[in-house]
Structures are given as structure tokens and as C-alpha cells.
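The values are calculated or read from the model by the stated rules, or taken from the named source; none is laboratory data. All values derive from a computational prediction rather than experimental measurement. A quick note on method: Cβ atoms are made from the backbone with ideal geometry, for glycine too, and the neighbour counts reach across all protein chains shown.
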Amino acid sequence: MANTKEKLLEIRNLKKHFKIDSTNVLKAVDGISFDIFKGETFGLVGESGCGKSTAGRTILRLYEATEGEVNFKGENVHAKKSKKDLKKFNRSMQMIFQDPYASLNPRMTVKDIIAEGIDIHGLVKNNKQRSEVVNQLLQTVGLNSDHGNRYPHEFSGGQRQRIGIARALAVNPDFIVADEPISALDVSIQAQVVNLLKELQQERDLTYLFIAHDLSMVKHISDRVGVMYLGAMAEIATSDELYKRPMHPYTQALLSAIPLADPEVERTRERIIIEGDIPSPINPPSGCRFRTRCPMAMEVCSKIVPELKEYEDGHWAACHLYDSRYNAENKAMELQHH
Ligand code: SF4
């Protein structure tokens, strides 16, 4: 758990739009703001297509932001930088990818894959030292030094993900974006990789942004969770608070879809079914983006975009249901119609 409230990252009104053609723009990330504290794991969840992966990549500057800021230790990552400063950022912030098959170059030995960052940043003096560091990293992630001379195809999915983790650790980063790092793995292997990530976090004082499409997956690893829907942030809370008292109807629906261990509770509880598909981020609904699927939608929801507000200490939601001002406006609107 995070034992400090020191901010490592401040993400402010971050937007990443992709131009599709002369008239259409895909608003993959459309103005998200949140903080990530030093030493914590911030889980970012939502259905596929909600923009969470694009958000992770834009935070790391793998994509240029369309608008907004990512302040890392107080410095905006997206501001113009000298090559030297960029190198410093690239070293401090690393990524673990979803697909351990596609993300490792099949023609490189594991040793060279892991050492890539070490070479780029000139972190060792000679070949002997390079081998020592790589061997150490292989051991750290539960592999052994013999594995260094082999190629990625000789490994299982779980082992490849360990290689991906070693590669990320090689440059001693402070912050790692783990983009669905366990979704492509067998269920039996998932817990091992999560445990490894947790151990490394403790040992190396790492901060994680852990991206997943499934709330049950982030529950155990995350200190806090942000729920994204169609390019916007719907809710942010500590992991416990989010699971016990979800505020946003979308979070409530996602949680109600997770099967419970207790068969009696599981049988009798009410499920919230979200109707319909996620709308296109090229032409999102007006007002609240969730309104076309929200069982609680009110008239005001189609007119005014709900702001993400802190309703309780550390618990943020973007929903008119909790906003007394819009609630009053909505009642007035409904009265006018009757
Ligand atoms: Fe539902 Fe309205 Fe809240 Fe959006 S603002 S989640 S449509 S109640």
C-alpha cells in the first residue's frame, strides 16, 4: 500500500485525439485528470475502447498529447524538451505490454532484449558488467542466467512476461505503466505475475499504473482505482471504497457483473445490466457519455457534462445524481414537462 501522499504524477485535462479523415476525429482520451501517488498502484479500468491504453501510452509520451499536461515530479512531460531531458524521462518511466509475444523482438536474444535500455542509457562500463546486470535482472524476475542466450519463442507466456518485466526494470525506473500485463496469460500464471509485480514494488519503491478491463483483476493489486468510460473518467476512489460504495452507475454495473464467492449472496443479489454497446468515441453522446446506457439517466444528463468532483475524501465521481445543483435543475425541468 502507498505509505505516502507525495504526488509522483499529476495528469491534467489530458486529451489524445486521432484524426480519422477530414471530418472525423476519434476522441480516445478526452480530458482526464487524476494524480498518482509515489509508491502506489493506480488501477485504470474500463471496457475495451474506453481509452485506458491510449491514456497509459500518452502519459508515457509514446503518443504526443493533443492537449493537457502530465507532470512527473513537477515537470510537464509533454512540454518541449531537450534530448537529454527526454532521455531522463524515458529512463524514469517504463512500460510492460499486454502481449508478451508481440512485444519482444523474436530475432534478439533475451540478454540483448533486457540490455537494450542499459545500452541506450550507457548504464554499464563494459560487457562483463552488462552480463552481470542482465543475470541479476533475470534472477530478480525468477529466471536464470542460462535463459539470457535464448530467444523469446523458447519461453512460455508467463516467462515472456517476466522477460518484459526485466526489460522494464533494467533502467531503474520510478514509474511503470503495466498495460493489461496479465490478460493474455493463463489464469494459473496470472497470480504469479501479480505477486512478482507486488514484490518488485516493495523492493524498488516502484509506482504503477495498472491498466485492466476487469475490475476483479485490479482489486487486489490497486491502492486506488479510476474507472474510465468512453475517453472520460467516471469515478476514482480507493480500492476498498470503490468496491464497497461505488457511486457512478457505470461502476455499479461493472461491479454487479463480477461473480461473488458466496453462492447464497450471488443468487439473491440484484444485477445491473448495461444495455447496448459502447458508443463510438468519434461521436460520443452529448452531456454525460454514459447516458445512452445508464439506468438512472435524467433529463439533465443529455444537456450538461457532469464534472468529476470529490464527494468524499478521495472519492471522486462524474455524475449528476450526486450534484445537488443539477439535481434541482433536473427536477425543475421535469416539472416543466408535466
Ligand atoms: Fe447516469 Fe446521468 Fe449520472 Fe450520467 S450523469 S451516470 S447519465 S445519472
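The table for this structure:
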| item | result |
| --- | --- |
| Residue under evaluation Tyr326, criteria (1) modelled with pLDDT of 70 or more; (2) more than 30 Å from Asn24 (Cα to Cα); (3) touching a His at 6+ places or on another chain (Cβ under 6 Å), criterion not met | (1) |
| Search result, residues across region 302-321 that are in contact with a helix residue (DSSP H, G or I) (Cβ under 6 Å, 6 or more places away or on another chain) and near the ligand (Cβ under 7 Å from one of its atoms) | Pro306, His320 |
| Residue within region 216-224 that is buried (at least 22 other Cβ atoms within 10 Å of the Cβ), under 25 Å from Phe89 (Cβ atoms) and not polar (S, T, N, Q) present | yes |
| Hits in region 179-209 - residues which are under 20 Å from Lys73 (Cβ atoms) and buried (at least 17 other Cβ atoms within 10 Å of the Cβ) | Gln201, Leu206, Thr207, Tyr208, Leu209 |
| Cβ pairs under 7 Å, 6+ apart, first in region 132-144 and at negative phi and in contact (Cβ under 8 Å) with a residue 12 or more places away in the chain, second surrounded by 16 or more Cβ atoms within 10 Å (Cβ to Cβ) and part of a loop (DSSP other than H, G, I, E, B) | Val133/Val124; Leu137/Ala170 |
| Pairs where the first residue, in region 41-69, is at positive phi and the second is among the aromatic types (Phe, Trp, Tyr) and at pLDDT 95 or above, C-beta under 6 Å, 6+ apart | Gly46/Tyr229 |
| Close pairs (8 angstrom Cβ cut-off, 6 or more residues apart or separate chains): near the ligand (Cβ under 6 Å from one of its atoms) in region 282-298, charged (D, E, K, R) and assigned to a loop (DSSP other than H, G, I, E, B) anywhere | Ala297/Arg291 |
